[in-house]
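Data first, discussion second: the structure below is written as structure tokens.
The values are calculated or read from the model by the stated rules, or taken from the named source; none is laboratory data. Because the structure is predicted, anything quoted here is derived from the model rather than measured. Methodologically, a virtual Cβ is constructed for each residue, glycine included, from the backbone with ideal geometry; neighbour enumeration extends over all protein chains shown. Ligands, DNA and RNA are stripped out before the accessible areas are found, and what is left, the full protein with its side chains, is counted by its heavy atoms. Shrake-Rupley method; radii C 1.70, N 1.55, O 1.52, S 1.80 Å.
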Amino acid sequence: MWKSLALLLLIIAKPSFAAITVVTENFPNFQYQNEQGELVGSVVGKVKAALEKTGMQYDISINTWSITYNAALRDANTCIFSLARIPSREKKFKWIHKLEGFSASFYAFKSNRLSINNLDDAKKYRTAVLKNNYSHVYLKEQGFNENKQLILLDSFENIYDILKSRRTTVDLVVLSDQQYQFESKNDQSLSFLEPVYQLPVARADLYFACNGNIDPVTLDKLNKAFVSSDSK
């Protein structure tokens, strides 16, 4: 009897690790679902290795950027990758670890032969951007009007659809250069695009980050896990 009671007390006293939700989007070549539905990409191995080191239970959910970003912003035990670290987001998240860097450019239809030499030139046209992502925030900070100069879309799939089927409604699109290079190899229909002007900012950093209210113990485990994984 006493042995059973002692065993029960040991089980109760044993620390448990809270589960976390990790959200992401299809953002080639950093992370994306392949034809088999598996999450792959240049940062995925690093993220999964660190998560495994924490010893915590976790689920990775893949959705559109709008759903992904709002979930990470709203839910305490939720983390996100790959998230561009920019000043307007600094206090909203806990920035765990840098994953990679990227650059972004305006892309235009080759047939339109647009010449863009600066941001003021770009303001003359309608630019499709992913709502709440790096390009949207940056252009808004540079004085682009959301009602006149920006076309806000919820996913890259919607951006590609509008470029292919409703070309007269948009003049420019902002994409990461790495993303375009990857997508254009796999989708020949994107060959009608060309880069016309790179955003005049330093190379942006993509991070694994978590909701600002994440549990401190969970935060510490994540920090240590990513440092440990990165050192090998």
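Distances between placed amide hydrogens fall under 5 Å for Asn29 paired with Gln179, all partners being 5 or more residues away or on another chain. When the charge dipole of the chain is built from unit charges on Cβ atoms (+1 for Lys and Arg, -1 for Asp and Glu) and taken about the Cα centre, the candidate among Leu114, Leu139, Ser189 whose Cα reaches farthest toward its positive end is Leu139. Around Leu130, under 12 Å between beta carbons, what's the net of Lys plus Arg minus Asp minus Glu among the other residues? Neighbourhood net charge equals -2. Remark: the chain carries a charge dipole of roughly 420 debye about the Cα centre, counting +1 on each Lys and Arg Cβ and -1 on each Asp and Glu Cβ.
Restricting attention to the range 14-83, close to 25% of DSSP beta bridges with both partner residues there are antiparallel.
Pairs exceeding a 18 Å alpha-carbon distance, out of Lys48/Lys224; Lys53/Lys224; Lys131/Lys185; Lys98/Lys224; Lys91/Lys123: Lys131/Lys185; Lys91/Lys123. For the chain, the mean residue ellipticity at 222 nm estimated from helices alone is -10000 deg cm²/dmol, where every DSSP H run of n ≥ 4 contributes -39500 (n - 2.57) and the total is divided by all residues, rounded to the nearest 500.
Counting Lys and Arg as +1 and Asp and Glu as -1 over every other residue whose Cβ lies under 14 Å from the Cβ of Val217, the net charge comes to +1. Entry note, the chain: relative contact order of 31 percent, from Cα contacts under 8 Å with a spacing of 6+ residues.
In the context of the full set of protein chains, the chain has a per residue accessible area of 53 Å² (1.4 Å probe).
Neighbours of Val23, meaning other residues whose beta-carbon lies under 12 angstrom from its beta-carbon, give a summed charge of -2 when Lys and Arg score +1 and Asp and Glu score -1.
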